[in-house]
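*Asks:* For reference, the structure I am asking about is given below.
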Amino acid sequence: MCKHIAQKKLTIALALEIFHPEINGVVTSSINMLSNLKKRGHKPVLFAPMVTKNSPKEIHDIPVHYLPSLPTYVYPGLHMVRARTSQMRRLFNYYRFDIAHLTAPWRVNRAIRKNAEIHNIPIVHTYHTNLHHPSYINYLFPFVNRKGTTRMSEVFWRSIRPYINPCAYLTSPSHLLCDELSRHFPRKNIYYIPNGVAVEDFSSPIDEELFKTLLSRHIPSAKTKPYTPFYFLFVGRLGFEKSVDILIRGFIHAFRHAKTHGITFDYHLVLIGDGPARAKLEEIVHEETIQSHVHFFGKLDHDSLIKGGIITRARAFATASLTEVQSMTVIEAICSETPLIAADHPSMTNLAADAARYFIPDNIQDLAKAFLALAQDDAYYTSLKNATRSLKENFNGETVALQHEALYYQALETKKRGIIP
């Protein structure tokens, strides 16, 4: 790598398909990476669809430019934008970007890609999406049968070629997706780079008053309970593609089993987030008459979640999802040194290693055993908690930013040698 290229401070255009007021794992990890790159002297710039007029013009001192958009009504926060506009031409001429960074095969990314190609700017693509997964296809198109789902998955991989072929390098925070990308795009340079977080935020002192306030809104006894963990936690989108119904039924099964066999199980299940399945999930809870132990908190801002110690104080972070790329909430649980309950699936085992109690995917009885094991065995709980400590550094945002920085310089070097796509 040429020394003068490596020393150059870069201006980076990064595209997000979903942004304020919707916040997901792609947004969180991307902003963390850009914040760390900014600390290193680079100049990142965000592009996102215009959803509301009061969206922030910058975040962590990173300018945000919004493209006029229309909602798709297919997925929350997903919008349509035009690829070529006078606004984009002016911005690309003004910033003179060194690198374009894509994060999804959709319209804002298409706009960045098109303009990057016009200006001969190297493109790096961090591939986050699992939209080829049958669960997502069935969520978006519930009328499609199994054969149709397979065909649509094939169509999806063909449709994203324009987002992949022009890229100098591909990355993904999932080993599974890296392997899948290699099968579909065998000539591409593909690297595993994990999602990053501000690890130090999870070791800050807990705001005790905030903790009590947040929990006591839904669990009145939280005001008087001792600080020993008394709840299991899920944070994320309440959708059937996330198997939240399986999670709830597994907890109910554990609760009923304990009651039937005289086992002490004074635990609650706290669900933080919102989504299209919430009403149906609440129906399940009401039908089982277990509202006193399963609680829907709704959306909670990220700062309150961390400062209030909601993740840290949980007995375990539980998820039944099989569709995660690299779950940011699971990473945050690991960084909070909170044990995990997760499906025995590569998307989770590659991420959580020895810090989780795994259960057979979609098996409610085995999930119930996991809840009971964490509830009853303090030594087992402590062993999983200890196992999280060796994993935290894997997701240090500063390290993740350095990996992307090296890839940017590598892309500039290949461009200089004239071998960039």
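Throughout, read-outs are computed from the coordinates displayed, never taken from laboratory work. Since the structure is predicted, the reported quantities are computational estimates derived from the model, not experimental observations. Cβ placement follows ideal geometry from the backbone for every residue including glycine, while neighbour counts extend to all protein chains displayed.
*Asks:* Find the relative contact order for segment 86-169 and round it to a whole percent, using C-alpha pairs within less than 8 Å whose residues are 6+ positions apart. Don't skip to the end; give the middle numbers.
*Replies:* Details: 77 pairs, mean separation 25.2, N = 84.
That works out to 30 percent.
*Asks:* Do the alpha carbons of any pairs in K307/K385; K57/K307; K57/K416; K242/K307; K223/K299; K43/K416 sit beyond 28 Å of each other, and which pairs?
*Replies:* Values: K307/K385 19 Å; K57/K307 25 Å; K57/K416 34 Å; K242/K307 26 Å; K223/K299 21 Å; K43/K416 21 Å.
The pairs that break the limit, which is 28 Å between Cα atoms, are K57/K416.
*Asks:* Relative contact order of segment 279-345: what whole-number percent is it, with Cα pairs under 8 angstrom and at least 6 residues apart? Show your work: numbers first, answer last.
*Replies:* Values: 43 pairs, mean separation 19.5, N = 67.
After rounding, I find 29 percent.
*Asks:* Taking segment 1-150 as the region of interest, what is the percent of Cα-Cα pairs per 5 angstrom bin, listed from the shortest bin to the one with the maximum distance?
*Replies:* 2, 9, 17, 21, 19, 14, 8, 5, 3, 1, 0, 0
*Asks:* List the trypsin sites (Lys or Arg not before Pro) within segment 48-89 that fall in a DSSP loop (any state other than H, G, I, E or B) and whose Cβ has at most 16 other Cβ atoms within 10 Å.
*Replies:* On the way: sites: K53, K57, R82, R84, R89; in loops: K53, K57, R82, R84.
Answer in residue order: K53, K57, R82, R84.
*Asks:* Can you tell me the alpha carbon radius of gyration of the chain divided by the globular rule-of-thumb value 2.2 N^0.38 Å?
*Replies:* Working: Rg = 22.2 Å, N = 421, 2.2 N^0.38 = 21.9 Å.
Against the compact-globule rule of thumb, the ratio is 1.02.
*Asks:* Just subtract the alpha-carbon distance of N93 and M80 from 0.36 nm times their residue separation and send over the number in nm, one decimal. Present the calculation step by step, with values, prior to reporting the outcome.
*Replies:* Numbers: separation 13, 0.36 × 13 = 4.68 nm, distance 2.33 nm.
Here the answer is 2.3 nm.
*Asks:* Provide the three semi-axes, in whole Å and in decreasing order, of the ellipsoid equivalent to segment 263-393 as defined by the square roots of 5 times the Cα gyration tensor eigenvalues.
*Replies:* Details: eigenvalues 98, 64, 50 Å².
In descending order, the three semi-axes are 22, 18, 16 Å.
*Asks:* Can you list, largest first and rounded to whole Å, the semi-axes you get for segment 328-421 by taking the square root of 5 times each eigenvalue of its Cα gyration tensor?
*Replies:* Values: eigenvalues 293, 51, 11 Å².
The equivalent ellipsoid of segment 328-421 has semi-axes of 38, 16, 7 Å.
*Asks:* Along each of the three principal axes of the Cα atoms of segment 1-60, give the extent in whole Å, ordering the values from largest to smallest.
*Replies:* The Cα atoms of segment 1-60 stretch 43, 21, 17 Å along the principal axes, largest first.
*Asks:* May I pose another question? Quick one: which residues, 5 or more positions from G275 or on another chain, have an amide H under 5 Å from its amide H? H modelled 1.01 Å from N in the peptide plane, none for Pro or chain starts.
*Replies:* L238
*Asks:* Only loop residues by DSSP count here, and only those with at most 15 other Cβ atoms within 10 Å; note down the trypsin sites (Lys or Arg not before Pro) in segment 151-189 that meet that. Don't jump to the answer; show the numbers that get you there.
*Replies:* Details: sites: R151, R158, R183, R187, K188; in loops: R187, K188.
Qualifying residues, ordered by number: R187.
*Asks:* Relative contact order for segment 239-308 using alpha-carbon pairs under 8 Å, separation at least 6, rounded to a whole percent? Write out the running numbers ahead of the final one.
*Replies:* Numbers: 50 pairs, mean separation 25.3, N = 70.
RCO, segment 239-308: 36 percent.
*Asks:* State whether segment 231-271 is rounded, prolate or oblate according to the following rule on the C-alpha gyration tensor (a ≥ b ≥ c being the square roots of its eigenvalues): a/c under 1.5 gives rounded; otherwise a/b larger than b/c gives prolate, and the remaining case gives oblate. Intermediate results must be reported in sequence, preceding the final value.
*Replies:* Numbers: a/c = 5.50, a/b = 2.02, b/c = 2.72.
In terms of gyration-tensor shape, oblate.
*Asks:* Counting chymotrypsin sites (Phe, Trp or Tyr not before Pro) as exposed when in a DSSP loop with at most 15 other beta carbons within 10 Å, what is the longest stretch of the chain free of them? Display every interim value, and only then the final one.
*Replies:* Numbers: sites that count: Y73, F143, Y227.
The segment 228-421 is the longest one with no such site.
*Asks:* Compute the Cα gyration tensor for segment 99-214, then decide on rounded, prolate or oblate, letting a ≥ b ≥ c be the square roots of its eigenvalues: rounded whenever a/c is under 1.5, prolate when a/b is larger than b/c in the other cases, and oblate in all that remain.
*Replies:* Oblate, since a/c reaches 1.5 and b/c is not below a/b.
*Asks:* Report the Cα-based extents of segment 70-166 along its three principal axes, largest first, to the nearest Å.
*Replies:* Per principal axis, max minus min of the Cα coordinates gives 48, 27, 17 Å.
*Asks:* Per residue Cα convex hull volume for segment 75-122, in cubic angstrom? Mind showing how you got there, number by number?
*Replies:* Values: hull volume 3.7 nm³, N = 48.
In segment 75-122, the Cα hull volume divided by residue count equals 76 Å³.
*Asks:* When the helix-only estimate is applied to the chain (DSSP H runs of n ≥ 4, each -39,500 (n - 2.57), divided by the residue count), what is the mean residue ellipticity at 222 nm, nearest 500 deg cm²/dmol? Mind dumping the intermediate values first?
*Replies:* Details: 17 runs with 179 residues, N = 421.
Only helices count here, giving -12500 deg cm²/dmol.
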